[in-house]
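Engineer: Before I ask anything, let me first share the structure, which is written out below as structure tokens.
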Amino acid sequence: MTKKDKSEKAIVLLKDVRESMKAERILKTEKYDVKVVAPPPEVRIGCDLAIEISLVDGFGVENLLKSNGINPINVVPLSNLQLKPLEIIKEVDFGDYVMVKAGHMKLTYEKQSGEIVNVSGGGCPDIPFLALSMVGKTVTDTKRPDELGYTLCAFMLEKAYERALQNYRKKQP
Amino acid sequence: MIVVVGTIPIKDMPLTTDFCEYSHEKLKGGNLDLPLINGTSALVATAAAACNALELPKPYAVLAGDIGTGEGSNLIYRFLRESFKPTSEKTVITMHYIKPNVLYARDAVKALKKRANTTLIADAGSMYVAKAAGLAKDFDLFTPDSGEMAFLADPEAMHPAYVRSFIFDAVNDVPALIQQAYQNGNAAKALLVKGVTDYIVDEGKIVAEVSEPCIPALEAVGGTGDTLVGIVSALIDSGYSITNAATIAAKANRLMGTLAKPNPATKVWEMIRFIPEALRKAEETLASE
């Protein structure tokens, strides 16, 4: 990213990862050009996420989020190099099952029925909760990790889930 | 004495400290029935099964309910910082699913390090926060998988979700990742790296590798990393050195897979009953090599 690019960007700081996941979805639905990034080092606690936006969109983004019940803590200009979450997604075919891996998170579903049979990887406390909530349900019927989760592990599981859902829908007649 | 520290996915479950028991595929912490699911429940159940097989006392657990908000994790951090006083002199403390908070973790680990005769193990969220807070060297053992090994190798990442792509791309070159993690001071004294090949590492040097039997479906089964940590904790408590315990545990976890014959839909709690036999076979196999 060039210096000029940085000066044109801002980041939206939110209460927690869950709000960041919701905010990303709302902003993308409204066609804002956004990406999720790490918050600045001085405010990081180890499991947090922020949204990078165009600086000029700051006011509109803040209003849109507020109208959806999300109150950003702050919108600040981007001044240093940002880390962003991994976007590497891989699939492992086990015959009747497919395991989708997004970074360190894995979701396995049965090809025929779409049933989620296992959730593995991760280390944040909502992952066992998500496993309890999602395993046994189909990819089309389950609540999504971004509706139930609060952490970066849930954020990565959402990426794996999204791919599993796309794959399953593609295979349907 | 083993002390397992972690969260359980029950909203509003208070801080609970008690000995745990696993029998007839039921897990109890004191009088409380605990759900059998991947995460700290699977670790506690495995530690209980392994302790029973090795004729050790039941594992003690420090648990709190947390579905991701961090409330239960914060109760645990506070308890470790202010009130934790294990009854046994020699303690293996295994820290597990806790929401990372670098400020709270520093105080909690500082309090734990004041105790002599303590072996400190971290896996899952506790390992993430130990690395992010610069506390890795305070731990005796980390148990990452290969993706988490990339996280330990990346000095910039404060969570596995933020590993830079060029480091994650090297996820199959585990020895190189191990070297990088030690160079940057982001590894515990010993590592047990789970993967196609399990690597046992002592102060940066790979001292053993375990790759047989190979059960590919185990990667899909949520909780098989937790069973491994439960087994290694019990073996260390029984008197094995950390690296010998890690080698036997790696073998035993694979043998548990052989005995359970899993497919990608198998659940971890269907496999825990095979742990006593897997442990016995692993000890015999490695003793004869």
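Every read-out reported here was derived from the displayed coordinates using simple, explicitly stated rules and does not represent laboratory data. In this text, all values refer to a predicted model and were calculated from it rather than measured experimentally. Neighbour counts are summed over all protein chains in view; Cβ atoms, including those assigned to glycine, are modelled from backbone coordinates with ideal geometry.
Engineer: Would you work out which of B:Asn117, B:Phe139, A:Ala154 lies farthest towards the positive end of the dipole of the protein assembly as shown? Charges go on Cβ: Lys and Arg +1, Asp and Glu -1.
Structural biologist: Positive-end residue among those listed: A:Ala154.
Engineer: Distance from the Cα centre of region B:139-210 to that of region B:215-289, in angstrom?
Structural biologist: 20
Engineer: Would you work out if region A:3-77 is rounded, prolate or oblate? Take a ≥ b ≥ c from the square roots of the eigenvalues of the alpha-carbon gyration tensor; rounded if a/c is under 1.5, else prolate when a/b is larger than b/c, oblate otherwise.
Structural biologist: Note, shape of region A:3-77 comes out oblate.
Engineer: While we're on this one: Residue farthest toward the positive end of the dipole of the protein assembly as shown, with Cβ of Lys/Arg at +1 and Asp/Glu at -1: which of B:Ala260, B:Tyr104, B:Ala64?
Structural biologist: Of the candidates, B:Tyr104 comes out farthest on the positive side.
Engineer: Would you compute the Debye intensity of region A:89-171 from its alpha-carbon atoms alone, equal scatterers and no solvent, and pass along log10 I(q)/I(0) at q = 0.20, 0.24 Å⁻¹ to two decimals?
Structural biologist: -0.77, -1.13
Engineer: Filter the cross-link list A:Lys159/B:Lys99; B:Lys90/B:Lys281; A:Lys159/B:Lys28; A:Lys106/B:Lys267 down to pairs whose alpha-carbon distance in this structure exceeds 24 Å.
Structural biologist: Over 24 Å Cα-Cα: B:Lys90/B:Lys281; A:Lys159/B:Lys28.
Engineer: While we're looking at this one, here's another question. Arrange the following residues from fewest to most other Cβ atoms within 10 Å of their Cβ: B:Thr69, B:Thr285.
Structural biologist: By the 10 Å Cβ count, ascending: B:Thr285, B:Thr69.
Engineer: Can you pick out the pairs among B:Lys110/B:Lys131; B:Lys26/B:Lys58; B:Lys26/B:Lys251; A:Lys15/A:Lys143 whose Cα atoms lie more than 18 Å from each other?
Structural biologist: Pairs exceeding 18 Å: B:Lys26/B:Lys251; A:Lys15/A:Lys143.
Engineer: Obtain the radius of gyration and the Kirkwood radius of region B:226-289 from its C-alpha atoms and give Rg over Rh.
Structural biologist: 0.98
Engineer: Is there a quick way to get the dipole size of chain B? I mean about its Cα centre, with the Cβ of Lys and Arg at +1 and of Asp and Glu at -1; what is the value in debye to the nearest 20?
Structural biologist: 640
Engineer: Same structure again: Describe numerically, in nm with one decimal, the distance between label points set 7 Å from Cα along Cα→Cβ at B:Lys113 and at B:Val196.
Structural biologist: Taking the two extended label points, one gets 3.7 nm.
Engineer: Just want the ordering: B:Leu63, B:Leu228, A:Leu78, from fewest to most Cβ atoms lying within 10 Å of their own Cβ.
Structural biologist: A:Leu78, B:Leu228, B:Leu63
Engineer: For A:Lys35 and A:Gln112, calculate 0.36 nm times their separation in residues minus their Cα-Cα distance, and state this gained length in nm to one decimal.
Structural biologist: The span from A:Lys35 to A:Gln112 would gain 24.4 nm if fully extended.
Engineer: Here's a follow-up. Helix A:152-171 versus the longest principal axis of chain A: what is the Cα-based angle in degrees, 0 to 90, to the nearest 10?
Structural biologist: For helix A:152-171, the angle is close to 50 degrees.
Engineer: With each pseudo-label sitting 7 Å past Cα toward Cβ, what's the B:Asp12-B:Leu103 distance in nm, one decimal?
Structural biologist: Placing both labels 7 Å beyond Cα along the Cβ direction yields 2.8 nm.
Engineer: Specify, per residue and in Å³, the volume enclosed by the convex hull of the alpha carbon atoms belonging to the protein assembly as shown.
Structural biologist: It comes to 138 Å³ per residue, whole-number rounded.
Engineer: If each DSSP helix of 4+ residues adds -39,500 (n - 2.57) and the sum is divided by the residues in the protein assembly as shown, what number results at 222 nm, nearest 500 deg cm²/dmol?
Structural biologist: After summing the helix terms and dividing by residue count, I get -11500 deg cm²/dmol.
Engineer: Go ahead and run the numbers for FRET between B:Glu55 and B:Asn184, Cβ-Cβ distance against an R0 of 51 Å, rounding to 0.05.
Structural biologist: For R0 = 51 Å, the calculated efficiency reads 0.80.
Engineer: At what distance in nm do the modelled label points of A:Asn63 and B:Ala176 sit from each other, each positioned 7 Å from its Cα along Cα→Cβ?
Structural biologist: 5.0
Engineer: Mind checking which helices in chain B clear 18 Å along their axis (Cα) and have mean Kyte-Doolittle hydropathy of -1.0 or more, DSSP H runs only?
Structural biologist: B:40-53, B:224-237, B:242-260, B:275-288
Engineer: Can you give me the Kirkwood hydrodynamic radius for chain B, using every pair of distinct Cα atoms, in Å to one decimal?
Structural biologist: 18.6
Engineer: Going by Cα centres, region A:88-138 and region A:33-47 are how many Å apart?
Structural biologist: Comparing the Cα centres of region A:88-138 and region A:33-47, I get a distance of 26 Å.
Engineer: If neighbour count is taken as other Cβ atoms inside 10 Å, put A:Val119, B:Val44, A:Val92, A:Val56 in order from fewest to most.
Structural biologist: Sorted ascending by nearby Cβ count, the order is A:Val56, A:Val92, A:Val119, B:Val44.
Engineer: What is the angle, in °, between the Cα long axis of helix A:58-67 and the longest principal axis of the Cα atoms in chain A? Nearest 10 is fine, range 0 to 90.
Structural biologist: Taking Cα atoms only, the helix is inclined about 50 degrees.
Engineer: Using only Cα atoms, tell me the angle between helix A:17-29 and the longest principal axis of chain A; keep it within 0 to 90° and round to the nearest 10.
Structural biologist: 90
Engineer: If pairing requires two Cys Cβ atoms under 4.7 Å apart, which cysteines of chain A are left without a partner?
Structural biologist: Here A:Cys47 come out as lacking a disulfide-compatible partner, given the Cβ-Cβ threshold of under 4.7 Å.
Engineer: Same structure, new question: What value does region A:1-152 have for Rg/Rh, both radii from Cα atoms and Rh as Kirkwood defines it?
Structural biologist: On the Cα set of region A:1-152, Rg over Rh gives 1.02.
Engineer: Let me spell out the model: positive unit charges on the Cβ of Lys and Arg, negative unit charges on the Cβ of Asp and Glu, origin at the Cα centre of chain A. What dipole size does that give, in debye rounded to 20?
Structural biologist: Roughly 260 debye for chain A.
Engineer: Next up: What dipole magnitude, in Debye to the nearest 20, does the protein assembly as shown give about its Cα centre under +1 on Lys/Arg Cβ and -1 on Asp/Glu Cβ?
Structural biologist: 640
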